[in-house]
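What follows is a set of notes on a single structure, which appears directly below.
The values are calculated or read from the model by the stated rules, or taken from the named source; none is laboratory data. Quantities reported herein were computed from a predicted structural model and do not represent experimental measurements. Cβ atoms come from the backbone with ideal geometry, glycine included; neighbour counts cover every protein chain shown. Accessible surface areas use protein heavy atoms only, side chains included; no ligands, DNA or RNA. Shrake-Rupley method; radii C 1.70, N 1.55, O 1.52, S 1.80 Å.
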Amino acid sequence: GIEFIDSYVFNKVENIRFNSTVGRYVGYTELGVKNAEAWNKGPQLGQEQAELERFCKPNAALHYR
């Protein structure tokens, strides 16, 4: 399968990441953890999942056939 990762980095520190295998946001800093909790309950989570279906899966099929 494919894995879609969307990382949010500030000053070279990864604060938060969406990982399609996990299926949610994960925070890596104090602020990242707080944002992950909010984003997992809000529209951001659905937007990431939609990107996986809209962009990642069709393009992966082109590259791996």
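Of note:
- Sulfur and carbon atoms: percent of accessible area, the stretch 23-65 [1.4 Å]: 57 percent
- Added length on full extension, which subtracts the Cα-Cα distance from 0.36 nm per residue, residue 50 to residue 30: 4.5 nm
- Cα→Cβ-extended label distance, 7 Å offset, between residue 7 and residue 64, nm: 2.0 nm
- The mean accessible area for residues of the chain, using a 1.4 Å probe and ignoring ligands and nucleic acids, is 74 Å² per residue.
- Helix-only [θ]222 nm of the chain, DSSP H runs n ≥ 4, -39500 (n - 2.57) each, per residue, nearest 500: -12500 deg cm²/dmol
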